[in-house]
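Down below is the structure, laid out as structure tokens.
The values are calculated or read from the model by the stated rules, or taken from the named source; none is laboratory data. Because the structure is a prediction, the values reported are computed rather than measured. Cβ: placed from backbone, ideal geometry, glycine included. Neighbour counts: every protein chain shown. These accessible areas exclude ligands, DNA and RNA; they are computed on the full protein's heavy atoms, side chains included. Shrake-Rupley method; radii C 1.70, N 1.55, O 1.52, S 1.80 Å.
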Amino acid sequence: MGWSRRGFLRGAVLSAAALRWGGARADGPGSEPSAGLPPGRPADVTVGPGRQWRRVAAVGDRISAAGDRLGFDADYTCCMPVGEDRLLLWVNHEFPPGPLGDARLDRVVGGWTGKGATPEDLLAGMGGSVLELARDPAGGWRLDPDSRRAWRISGLGPETEVTGAGAAILGASVRGSISNCGGGLTPWGTVLTCEENHRYHVHEGLGSRAGRIGARPSAVASGGFSIPGLVSEQYGWVVEIDPRDPGWQ
């Protein structure tokens with residue numbers, strides 16, 4: 001049985017009342033913490049005892065039948081099942097490779113000449129990816145590069161219509177999503193993706209702020225750069241997305 005927003009909020013109120021007057025225990029079977037890792041910065045991926053890791057996708061890998069490519073700088077990730085042996089993996093992409101670009105850029109946008117990145121190249125590297133993974137005979141997970149469930153959102157799109165009071169702040173529409181860092185999975189199965197460091201790339205503003213918004217000097221000193229055409233009010237939000245629905249608004 002799935003959750004709805006309304007059902008979850010109603011349950012949350014009742015649960016809060018139960019905790020207030022009845023008390024609760026948070027411990028239980030299976031709640032023992034996993035073994036920690038020693039401090040340090042090893043050159044390879046390190047996992048705890050009894051655990052394994054393997055790569056399922058790299059920057060620029062094709063992730064869908066439509067030819068979508070995995071973006072840069074993977075950040076928050078989460079999984080959701082879509083069958084007994086299938087799941088969707090959401091991946092945030094926070095930063096592009098920089099205005100000079102690098103060899104990986106060609107894997108994401110194609111045709112990169114090594115002479116520097118265009119604003120479109122940089123926007124294509126940010127946002128989020130939805131990958132479909134399939135369980136292999138050994139019990140691990142592998143990428144399905146021909147998935148029809150997989151898709152991308154980036155700084156290039158898709159375009160989202162804005163209605164109601166929000167249109168006075170954001171304008172009639174917002175193009176895609178950028179600077180996606182933290183996130184969370186809601187009880188009803190959608191993803192909250194946080195546009196945290198858009199200030200490194202914002203170039204202009206709306207209304208009375210138009211022409212006065214640019215990359216902050218401190219951001220530039222830290223390696224930030226402006227991408228022309230970004231509007232400050234349109235980014236820096238917590239954005240809700242349904243990975244199962246490429247047409248989500």
Checklist line | Selection within the stretch 168-193 - under 14 Å from Val91 (Cβ atoms) and in contact with a Pro (Cβ under 9 Å, 6 or more places away or on another chain) | finding: Val191
Checklist line | Output for the stretch 71-97, where each listed residue is in a loop (DSSP other than H, G, I, E, B) and either among the small types (Gly, Ala, Ser) or surrounded by 20 or more Cβ atoms within 10 Å (Cβ to Cβ) (or both) | finding: Gly71, Phe72, Glu94, Phe95, Pro96
Next item on the list: Restrict the check to the stretch 114-122 and report whether at least one residue is open to solvent by less than 20 Å² (accessible area, probe 1.4 Å), at pLDDT below 90 and among the aliphatic types (A, V, I, L, M).
Entry: yes
Note to self: Consider the stretch 150-194. How many of its residues are closer than 14 Å to Met126 by Cβ, touching a Lys or Arg at 6+ places or on another chain (Cβ under 8 Å) and part of a strand (DSSP E or B)?
What the structure shows: 2
Item checked: Verdict on Asp68 being buried (at least 21 other Cβ atoms within 10 Å of the Cβ), modelled with pLDDT under 90, among the charged types (D, E, K, R) and within 25 Å of Trp237 (Cβ to Cβ) -> no
Checklist line | Qualifying positions in the stretch 168-188 - surrounded by fewer than 16 Cβ atoms within 10 Å (Cβ to Cβ), touching a strand residue (DSSP E or B) at 6+ places or on another chain (Cβ under 9 Å) and closer than 24 Å to Ile227 by Cβ | finding: Gly171, Ala172, Ser173, Gly182
